[in-house]
1. Test of understanding: ordering B:His42, C:His141 by Cβ neighbours within 10 Å, fewest first, what list do you get?
2. Evaluate the charge dipole of chain D about its Cα centre and quote only its size in Debye, nearest 20, assuming +1 on the Cβ of each Lys and Arg and -1 on the Cβ of each Asp and Glu.
3. Determine, for A:Asp2, D:Asp131, the number of other Cβ atoms within 10 Å of each Cβ, and report the residues in order from fewest to most.
4. May I ask you to report, in nm to one decimal and beginning with the shortest, the distances from D:Asn103 to the same position in the other copies, taking label points 7 Å along Cα-to-Cβ?
5. Once you order the gyration tensor axes a ≥ b ≥ c over the Cα atoms, which shape class does region D:65-138 get: rounded for a/c under 1.5, otherwise prolate or oblate by comparing a/b with b/c?
6. For chain C, what is the mean residue ellipticity at 222 nm derived from helices alone (per DSSP H run of n ≥ 4: -39500 (n - 2.57); sum divided by total residues; nearest 500 deg cm²/dmol)?
7. Just checking the output field for C:61-74: average partner chain Cβ neighbours within 10 Å of each residue's Cβ?
8. Using a Gaussian network for chain C with springs between C-alpha atoms less than 10 Å apart, which of these wobbles most: C:Ala138, C:Ala74, C:Ala92?
There are 4 protein chains.
Amino acid sequence: MDEAGIQKRAARIKLLLMDCDGVLTDGRIWIFENGEDQKGFHTRDGLGIDLWHRAGLESGIISGRNSSVLERRAQSLGVKYLWQGRDDKRHAFADTLAQAQVNGDEVAFIGDDLTDLPLMVQSGLAIAVGDAVAEVKARAHYVTTANGGYGAVREAIELILKAQNRWDELVVPYLI
Amino acid sequence: MDEAGIQKRAARIKLLLMDCDGVLTDGRIWIFENGEDQKGFHTRDGLGIDLWHRAGLESGIISGRNSSVLERRAQSLGVKYLWQGRDDKRHAFADTLAQAQVNGDEVAFIGDDLTDLPLMVQSGLAIAVGDAVAEVKARAHYVTTANGGYGAVREAIELILKAQNRWDELVVPYLI
Amino acid sequence: MDEAGIQKRAARIKLLLMDCDGVLTDGRIWIFENGEDQKGFHTRDGLGIDLWHRAGLESGIISGRNSSVLERRAQSLGVKYLWQGRDDKRHAFADTLAQAQVNGDEVAFIGDDLTDLPLMVQSGLAIAVGDAVAEVKARAHYVTTANGGYGAVREAIELILKAQNRWDELVVPYLI
Amino acid sequence: MDEAGIQKRAARIKLLLMDCDGVLTDGRIWIFENGEDQKGFHTRDGLGIDLWHRAGLESGIISGRNSSVLERRAQSLGVKYLWQGRDDKRHAFADTLAQAQVNGDEVAFIGDDLTDLPLMVQSGLAIAVGDAVAEVKARAHYVTTANGGYGAVREAIELILKAQNRWDELVVPYLI
């Protein structure tokens, strides 16, 4: 999509929704002998989400898997909407929009695989991580340079906040 | 091998067999002080295997090592045939073909190292992961672009399901 | 910055301060189900810090997060100043300079993200890791070739010790 | 070094010695809150070491750190000589040569950092991993294409066994 179209779409976003595995992580599912789970989130995505919230915007995560690890991470980052164990993510998406009182064109969704497509086509700004599958990249308005788990979420957040002319004011406290 | 030859071989496949370490993972053997094991599987390989089963096809894993972690992952993905601790993988391969009632030319095998070679030469479609050793790559009908643990299995599954004209119907539910 | 300017700044450094996540690690925050933490430090950064101390110089870590893992690593490396859980890192920086009795232009700081900027602008030598965010790279005197967690700290240490003509004497014991 | 010189050196090797962190692993020191250790070894290095032993040759690991994890891995691979917690690795090296009844020119040593240099200069074939520090690469007879933890040891083993005309016979069992 052309740059101007992306900027226009980004300028309307009020709610950032995203998948977990492959978006907030590099897609690897780590399993231990006792069945426990482990996930690797990125510190620079974390600060990005923090800046997003400080801009007065809301965020949510819709994951196909179940993990108490994700619950911990979402809570520490102040992510308001969290849905897990969703093979079909459509209901979670609709419920979140209703609760947040936003329309589809006010939502940005970041995904990496087929299960994210139904939500991406309903979103004003559909973002694919750099290593998303071909079908997801083909239907995204924007594909991040960074891969999932290595700053893709941060890159998406900067894109939107800059389109909304909010980035500079958020960065100022670090420059003085 | 020429593209037409690969397509012809892929069109006949009914059973997907694969190694674990270096194919479903990036080859790293993680060990803890208490002797416990950990493995990193990829979420996008997982959805690929899920689509494979939904196409009515069967899958199996033949591993040289023993790991309860692999057992958990195989079970959650619905992998029907699982063999572990096999220094010589030939018997497991023969038994699986007998149980599944398929011939060698109906089997695709994905491998990365020398121990996979005896199974690859008996398989209708022998696939090497992108970072397989030279001997394995040289004898494979197809070498994936992706490395083991980073989507090589997903890539192999897409190749076969597309050759069988099954891919589009499997993806349709995500496009509406 | 020009090479001569970097050398001049490096020659004055007496204290090396750095961030942890994204600098001593690759930025990934690993979380377990029980809430435990894990971090991956690099062995070659470790030997670099060891050489730094053998040169009679001091070091410190100022981290935004809290982690007993970092405490263990810092202690085993003999890092003298350790501050954790610092959203605003300015006080920790000022306190460390007072304790170490050095001026800002005698401090090198290695960072990767916005929270490090206030300390970098007060440091005689501001170093960004290779995968730092754009704002940090733009304000650094030097950007390492290596990414955080993969030798960026070692590279910074070599740069400074070579500028101080100390590197060769430190390496000699390994050459005989 | 010229190809012929490397081949000549490799043809004499009877004992393979190597560092652990940064050679058998990618150099990352993983620490948990309870102080436990974790290491990531590579499955394809493992098969390489196995082939080395089947060729009737011996191997050993000389590590600067202490880790029960390394002990487990060394034991499962049948590595005969294991030394840990060696800041100065020279005594371990000399003792191993005496026990194995070999001369320095019959030893290959694979290293990544300064602490390995004193052993490399005493070895008939000094090998640096692809991401070794500059001083180590400069003094190595051979630098592997692969980085530590990602097949560097396998590459070194193949180089030597091929120079000794042993590789083909070891691979034959997998080709039939």
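Each value in this text was obtained by applying a stated rule to the coordinates, not by laboratory testing. Being a predicted model, the structure only gives us computed values, none of them experimental. FYI the Cβ positions are ideal-geometry reconstructions off the backbone, even for glycines, and counts take in every protein chain you see.
1. Least crowded to most crowded, the residues run C:His141, B:His42.
2. 420 debye
3. A:Asp2, D:Asp131
4. Copy-to-copy label distances for D:Asn103: 6.1, 6.1, 8.6 nm.
5. Since a/c reaches 1.5 but b/c is at least a/b, the shape of region D:65-138 is classed as oblate.
6. -12000 deg cm²/dmol, from helical runs alone.
7. Mean inter-chain Cβ contacts per residue within 10 Å come to 2.
8. Highest fluctuation among the options: C:Ala138.
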